[in-house]
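One structure below.
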Amino acid sequence: MSKELKVRDLRKSLASINARWDVDQKLKDEDTVPVHELGGSPEGLPLSSQVEKIDFKKVLKEPAGNPFIRERRETVLKIKAPEALRQRVGEIRPEETLTPEGAAAVSVDWRLRFTWPWITTVQNQNGCGACWAFATAALVESMVRIEHCVWSKRSEGDVHDGIGKKCADEGNLGEALDFVEKNGLADPDCYPWRTNNPPYQPCPDRSGRTVKIPDPVWIGDIAQQKAWLDTTGPLATWFDVYSDFDAYGSGVYHKSPVATQRGGHFMLVVGYDDNQKCWIVKNSWGTSWGVADWRGQRGYALIGYGESGIDTYAKVGVHLTNPDPWTKRRLHSGNMIESGNGALHRNFEMLATTNGTKIQHWWRDASDGSWHKAAVFGTDAAICPILTATTYNRNFESVHLTPGKRLHHWWLNQANGQWTDGVIFGPTDTAGVPGFIQGNYGAPGNFEVVVRTADGRLSHWWRNQSNGQWLESVRFGSGIALSGPSLVQNRNNRDLELVCVLNNGVMQHWWRDDAHGGGWKPGLSFGSGVHSPPCMIEGQFGATDENHVGNYELCVAVGGQVQHWWRDNSSTSLAWTESATFAHDVESVLALVEGSYGFNLEVIVLRRDGMLQHYWRGGGKWNEGVVIGSAR
């Protein structure tokens, strides 16, 4: 057991050896160095010297990595930050310098790389010996962000209590990652982190709210660890904690002569710097400890190479993460989603009409971009269905307008791949394209639908998940010409929000004031000459971490072309801005998706000749994609 260490003694010791790091400035000389909780056990960890070098091509199975990352790592030396990000960040640090092709970068920092943030906010163990659970969650959620360009906060409590640990118990990365590989890792709303040793009782739809991973990859060779960090993402690591580390404030850490060993700890390595000869690590002792990231959030440290056992054991990484529908639910609207299906877990799935009123299921293989036909089902689709993926075992769920002016629900069972007829529901005078999502209310989350009715109003319906019954909530608005797949649930306050089209061709934003018990309220109106349904999502632009709301992105057909609009949800005005006009011969926009391909926006349009066509935004411009097939 380590003896108490006074801050003044530590400062004197650091000064005597010209240390490269300083004690936290808020600590006074008369203070005793604080003691933070650890919890790491080396049991079962492979020594670095015992792990064979990995075959990167075999392990990573290119092109599994995010093409956005590969493109910038291989060809871009200097990147101008997007204006929106410069405004949020204020100042972007110089881009890292790359060594010749094939070698690792001189420095890597995933906290802000290629002018984009990739690491979730720093968490706090809150006095429990659970560093291994926090390092595991940090590793998985960082890789989802890197591989799929979406924030996906994971629950430390899910792996901690799922294994059966108590607050005081030690653990290790091996058993934690083994649990995640077998059971996935849920989000905090499904099962939160708690310190009172509760019984493990996750949400009833946990199976559809877990990120899945394959076998973790253990890397012992230092050069290969850097290559993984450069090309793939962060690594979790072991660290021997000495009594001075608790007082760390800035600089490159090396233990001081007066420090004594306290125990073992796990952290996340988010980068390295060969110039300073150190690893950059994310800790789990909250935001009042350590150095800050580009956002000003503390909780990080620079640790010298080989220091305090950090290179004694192999470091571990994961890749080919498979995000759950809950993670991606705000990133799609309309007749197409990006699912977890396929070898790369990012196939596109799309529903469209065929042979009159039947429904054709299409899918695109993410490995080569080719489109394929799947099942044909149903007989009463008046327009292209609205598709989403839900937490019910990752099932696909669909709602479409019928010729009889009702709404019809179908669902695909992921276990057997069969589409199943649900129920006909909704207003008897439905006269528009529905917006359809799975929201936060209820457990599992309720289905929410808003659609125009023949009286020029909007009708809000929801499904009671306890008995499967669809119920009308309220009718609201007036002078509504068109509804569309534009229903979202705000990340912060969980208000429902949508955009419709008024009789005068202007788009109108509506929101439901759930935080204050209010009903649906009109927001700003924008645009003109609109005579087709709008399609809207909450994207990742503007979301600097998992807690911030991303921009709203909206696409709508006007005059045979597509208008792209966006709203900065961090601004006070909440004004809508038209970004670009693109495409040709367009009758309506059927889908808008922000997928795993480097924050690209993907759009499916119905052309005037009845053909389905794909457009996408990448490289700062809108690009014309393939003509997929007929929707007639």
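The values are calculated or read from the model by the stated rules, or taken from the named source; none is laboratory data. Please read these numbers as outputs of a predicted model, since none were measured by experiment. Positions of Cβ are backbone-derived with ideal geometry, glycine not excepted, and every protein chain shown enters the neighbour counts.
Looking only at segment 261-278, decide whether some residue is β-branched (Val, Ile, Thr) and either outside the structural domain of Trp21 (by TED's automatic domain parsing) or under 19 Å from Ile222 (Cβ atoms) (or both). Scanning segment 261-278, I find at least one residue that is β-branched (Val, Ile, Thr) and either outside the structural domain of Trp21 (by TED's automatic domain parsing) or under 19 Å from Ile222 (Cβ atoms) (or both), so the answer is yes. When residues in segment 366-397 are screened for being in a loop (DSSP other than H, G, I, E, B), touching a residue at least 60 places away in the same chain (Cβ under 8 Å) and under 26 Å from Gln465 (Cα atoms), 7 of them pass.
Every condition in (1) more than 17 Å from Gly286 (Cα to Cα); (2) out of contact with any helix residue (DSSP H, G or I) (no Cβ under 9 Å at 6 or more places or on another chain) holds for Val108 except the one numbered (2).
Conditions (1) modelled with pLDDT of 90 or more; (2) among the β-branched types (Val, Ile, Thr); (3) assigned to a strand (DSSP E or B); (4) assigned by TED's automatic domain parsing to the domain that holds Tyr552, marked per residue:
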| residue | (1), (2), (3), (4) |
| --- | --- |
| Gly484 | yes, no, no, yes |
| Asn492 | no, no, no, yes |
| Val501 | yes, yes, yes, yes |
| His509 | yes, no, yes, yes |
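A single entry from Asp178, Asp161, Asp215 fulfils the requirement of being in the same structural domain as Gly40 (by TED's automatic domain parsing), in a helix (DSSP H, G or I), more than 11 Å from Ala133 (Cβ to Cβ) and of a type outside the set (Ser, Thr, Tyr): Asp178. In this structure, Ile79 does not satisfy being outside the structural domain of His548 (by TED's automatic domain parsing), farther than 28 Å from Cys128 by Cβ, at pLDDT 75 or above and touching a helix residue (DSSP H, G or I) at 6+ places or on another chain (Cβ under 8 Å).
Of the set (1) surrounded by 21 or more Cβ atoms within 10 Å (Cβ to Cβ); (2) of a type in the set (Asp, Glu); (3) not assigned by TED's automatic domain parsing to the domain that holds Trp116, all apply to Asp293 but (3). Taken together, the criteria place Leu574 among residues that are outside any strand (DSSP E or B) and out of contact with any Cys (no Cβ under 7 Å at 6 or more places or on another chain).
Residue by residue through segment 463-487, note down the ones that are hydrophobic (A, V, I, L, M, F, W, C) and either surrounded by 23 or more Cβ atoms within 10 Å (Cβ to Cβ) or touching a Gly at 6+ places or on another chain (Cβ under 8 Å) (or both).
Scanning segment 463-487 gives Trp470, Val474, Phe476, Ile480, Ala481, Leu482, Leu487.
Tell me, yes or no, whether segment 316-339 has at least one residue that is in contact with a Ser or Thr (Cβ under 7 Å, 6 or more places away or on another chain) and at positive phi. No.
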